[in-house]
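Laboratory data are not the source of any read-out in this text; all were calculated from the coordinates shown. Being a predicted model, the structure only gives us computed values, none of them experimental. Cβ placement follows ideal geometry from the backbone for every residue including glycine, while neighbour counts extend to all protein chains displayed.
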Amino acid sequence: MFTSNIMVRRAAFDATPFDRRFTGYGYEDVEWSIRLARQFRVLHIDNPVSHLGLHKPHRVLEDMRASIPNYHLLATTHSDTFAQTSISPIVRILRWSPAWALRALDRLAGWTFLALSRMHPLAFLLFQFDKAVLLALAFQRPIDRYPGRND
């Protein structure tokens with residue numbers, strides 16, 4: 001497990017270990033923080049993290065795609081919290097689409113994201129939409145399709 005930009009008391013960290021079902025890239029720290037906030041008082045400071053444009057758009061897209069199994073696990077493990085996110089209603093609607101249509105939307109959104117300049121105002125929206133499409137597709141597949149997630 002790996003996370004950064006946190007400061008936590010040792011007792012809180014020891015009392016709330018990372019969930020070992022989260023493997024690969026992404027969301028293990030988000031899931032951990034949800035459980036941590038249920039047990040301890042958490043002070044959140046707005047401290048955005050940026051790769052300063054050092055990661056090329058294709059790398060950013062690859063990382064997002066790699067994070068989908070963990071995001072799906074987060075959404076199913078903490079469905080109450082996920083339901084409060086802005087992406088949740090979009091995923092809920094997209095889940096009713098056939099898998100072939102979601103795969104086509106994924107290709108279109110991904111291609112368009114890569115074709116746009118990083119600074120284009122639609123790039124972020126396309127990226128988030130593609131994430132919702134992939135998450136909707138993940139909800140259509142059984143969770144056991146993700147290795148190590150049924151412990």
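Can you list the equivalent-ellipsoid semi-axes of the chain, largest first and in whole Å, using the square root of 5 times each Cα gyration tensor eigenvalue?
28, 20, 14
Work out, step by step, the length gained on full extension between residue 101 and residue 63: first 0.36 nm times the residue separation, then minus their alpha carbon distance; give nm to one decimal.
Gain on stretching residue 101 to residue 63: 11.4 nm.
Under 8 Å for C-alpha pairs, at least 6 residues apart: give me the relative contact order for the chain, rounded to a whole percent.
26 percent
For helix 28-39, what angle does its Cα long axis make with the longest principal axis of the chain, in degrees from 0 to 90 and rounded to 10?
Once rounded, the angle reads 40 degrees.
Quick check on the chain: helices-only [θ] at 222 nm, where DSSP H runs of length 4 and up contribute -39,500 (n - 2.57) each and the sum goes over total residues. Nearest 500, please.
The helix-only estimate for the chain comes to -18000 deg cm²/dmol at 222 nm.
Using 7 Å Cα-to-Cβ label points, what is the residue 81/residue 18 separation (nm, one decimal)?
1.5 nm
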